[in-house]
Structures are given as C-alpha cells and as structure tokens.
Amino acid sequence: MEDIIWWLIAGTRGGINRARIINELNSRPYNANQLAKNLNLDYKTVRHHMDVLIKNNIVKTSGEGQYGTVYMLSNVMKDNFDSFKEIWKVSGKDV
C-alpha cells in the first residue's frame, strides 16, 4: 500500500489535492460538495480525485450512484494512515 500512497501523493500531479482530501476524510465522511467547499476546490476536481482514490482502494463510498454519495477512507487506508502522514512529511509538502 505504501507504494500506491507514494505514487498518488508524491509522484503525480494532483497529489497535493489528493492528500488534502485524504486528510479531510480522516476526520469524518463527506460528500463531494462538502469536500469541494471545505477544501476550496472545484466540484469536478474533487470528483476526479475521488475516482482516482476509489480506483486505488484509498476511499470507499456509501450510497453510490445517488445524489450525495458519501466518501470515507477505506479500511486499508485507515490501517495505513500513519504511512500516509510520513510520506506527506517526507515529500516536503504540508496538508
């Protein structure tokens, strides 16, 4: 899982926003509108990053396909959240 986190956060364009989303979801589940508002990002940007994070088993959903789909960290990501924080710290970026 660490390899995937490295690639998603430190190795690709958009890593900063993905890290911000992961960090925000660590506190509680949100829908895309709430995340966009909280992080001052465009809704479509949030949705793009959510698709990437879901595909890589970082985030899971509840109410998929419905208005207001809720996003939360996957159990795998919760188990690896300390690795995420370390990768973020080593990458020299601040969430």
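For the chain, which helices (runs of 4 or more DSSP H) that fit wholly inside it have 3 or more residues that are touching a residue at least 60 places away in the same chain (Cβ under 8 Å) and surrounded by 15 or more Cβ atoms within 10 Å (Cβ to Cβ)? Break it down stepwise before answering.
Numbers: elements: 2-9, 15-25, 32-39, 43-55, 75-79, 81-90.
By residue number, 2-9, 15-25, 81-90.
Since Ser62 meets every condition but one in (1) of a type in the set (S, T, N, Q); (2) at pLDDT 95 or above; (3) more than 18 Å from Met1 (Cβ to Cβ), which condition does it not meet? Result: Ser62 passes all but (2).
The values are calculated or read from the model by the stated rules, or taken from the named source; none is laboratory data. Just so we're clear, the structure is a prediction, and the values are computed from it rather than from any experiment. Backbone-built Cβ (ideal geometry, glycine too); neighbour counts: all protein chains shown.
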